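What follows is a single structure, written as structure tokens, with notes after it.
The values are calculated or read from the model by the stated rules, or taken from the named source; none is laboratory data. This structure is a prediction, so every number in the text was calculated from the model and none was measured. Glycine also receives a Cβ, built like all others from the backbone with ideal geometry; neighbour counts cover every protein chain displayed.
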């Protein structure tokens, strides 16, 4: 099962479709596809639901 979510960049405020590997949980860092600034992405899964939060990476 593949998971894609639409997230908004905390820097440029553009919406980006983000693919999340089905086995991924926790925090990871990825660059915005639009402005290339780093995101801190928090991935949580509970009861078959995916929750993704995107913040500016430190």
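Within the stretch 34-41, not a single residue is at pLDDT 95 or above, outside any loop (DSSP other than H, G, I, E, B), exposed (fewer than 12 other Cβ atoms within 10 Å of the Cβ) and under 13 Å from the mean Cα position of the chain (by Cα). Hey, any hits in the stretch 45-56 for a residue that's part of a loop (DSSP other than H, G, I, E, B), surrounded by 12 or more Cβ atoms within 10 Å (Cβ to Cβ) and modelled with pLDDT of 95 or more? Looking through the stretch 45-56, none of the residues is part of a loop (DSSP other than H, G, I, E, B), surrounded by 12 or more Cβ atoms within 10 Å (Cβ to Cβ) and modelled with pLDDT of 95 or more. Cβ-Cβ distances below 9 Å connect the following pairs, each with a first residue in the stretch 6-24 that is assigned to a loop (DSSP other than H, G, I, E, B), a second residue that is modelled with pLDDT under 95 and exposed (fewer than 10 other Cβ atoms within 10 Å of the Cβ), and a separation of six or more residues or different chains: 21/2; 22/1; 22/2.
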